[in-house]
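Down below is the structure, laid out as structure tokens.
Every number here is computed from the coordinates shown, using simple stated rules; none is lab data. Computed from a prediction, not measured in an experiment: that's the story for all the values here. Please note: Cβ atoms are built from the backbone with ideal geometry, for glycine as well, and neighbour counts cover all protein chains shown.
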Amino acid sequence: MRFSQPEADVFVPDASLTPEAALTRTTHLCVAAHQDDIEIMAYHGIAECFGRTDRWFSGVVVTNGAGSPRTGVYAHYSDAEMQAVRRLEQRKAAYVGDYSIQLQLAHPSAAVKDPRNAAVQVDLAAIFAAAGAEVVYLHQPADKHDTHVAVMAHCLQALRALPAAQRPKQVYGCEVWRDLDWLLDTDKQVLDVSAYPNVAASLVGVFDSQIAGGKRYDLASLGRRRANATYFASHGVDLAQGLSYGMDLSPLITDTSKDVTEYVLEYIQRFSNDVKGRLERLG
Ligand SMILES: [Zn+2]
């Protein structure tokens, strides 16, 4: 299995399996920008497949992890050494989460932000075609991190280029750098992420280099899921211990003429109408 960047990393936790076989059996696939994004945004897919033999989760990290903060035990690491640490942490997460395969494509962030970058497109097209996943988790298009949105846009382009029969049944845009609490409840894809809380905690916890950099992504990610569960409905008891919200991106794959910007602005317009309507009624 070869990709366009020589530093690309292929890891199959079950060593008895070839990478090709591990990718082909994938049913749930997350494509994210950075190491640790998958575990923050797509725990729903990981949990759906955990401990099962009829469903398999796989993860793809598009960038190389360059330029991340280096403090504490990592203070004296070079940027290249830090990239190696992050690569290893992503492999640890794949092992803990029982992923089928973990791919790290090692593209520089600047290259990913070029919408016409052919190398990124070629890699993603090959992965989507080989995996044939039913459910795909992407960054949500209203995320505030440029690289996240760029990766999402590359993925949409690659998925739209697949023959219709090979496209996933469900595509979710997921929360990292901006949550989706602002979506109308009727617009939310509500994903129960209550299962295996110990696994959920471990998955974000293995990224020590990011947490040691001064950001408690482990606490924040689990806290967001808990807050979503409690604040989802003002009446009644919590029905789940954790919820993640997704934006339904499937219509953008089914109808390839649909413009992503217009699609997202429709969600924002419905949010705007909701706030306006309530204030006009009560203000
Ligand atoms: Zn990220």
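Couple of notes before you dig in:
- Selection status of Val260, more than 17 Å from the chain's Cα centre (by Cα), farther than 30 Å from Met82 by Cβ, of a type outside the set (Gly, Ala, Ser) and surrounded by 14 or more Cβ atoms within 10 Å (Cβ to Cβ): yes
- Of all residues making up the range 174-197, the number that are at positive phi and surrounded by fewer than 16 Cβ atoms within 10 Å (Cβ to Cβ): 1
- Within the range 54-67, the set of residues being more than 16 Å from Phe3 (Cβ to Cβ) and away from the ligand (no atom under 16 Å from the Cβ) comprises Asp54, Arg55, Trp56, Phe57.
- Taken together, Leu138, Leu156 contain a single residue that is of a type in the set (A, V, I, L, M, F, W, C), in contact with a helix residue (DSSP H, G or I) (Cβ under 9 Å, 6 or more places away or on another chain) and away from the ligand (no atom under 16 Å from the Cβ), which is Leu156.
- Extreme residue, farthest from Asn198 (Cα to Cα), among residues of the range 16-39 that are charged (D, E, K, R) and within 12 Å of the ligand (Cβ to nearest atom): Asp37
Condition check ((1) farther than 28 Å from Pro141 by Cα; (2) within 16 Å of the ligand (Cβ to nearest atom); (3) surrounded by 16 or more Cβ atoms within 10 Å (Cβ to Cβ)) across all residues:
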site	(1), (2), (3)
Pro6	yes, no, no
Asp9	no, no, yes
Asp14	yes, no, no
Met41	no, yes, yes
Gly45	no, no, yes
Arg52	yes, no, no
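- For the range 143-153, filtering for residues that are among the hydrophobic types (A, V, I, L, M, F, W, C) and either closer than 24 Å to Trp56 by Cα or in contact with a helix residue (DSSP H, G or I) (Cβ under 6 Å, 6 or more places away or on another chain) (or both) leaves 3.
- For the range 78-88, a residue qualifies if it is of a type outside the set (D, E, K, R) and surrounded by 16 or more Cβ atoms within 10 Å (Cβ to Cβ), and the qualifying residues are Met82, Gln83, Val85.
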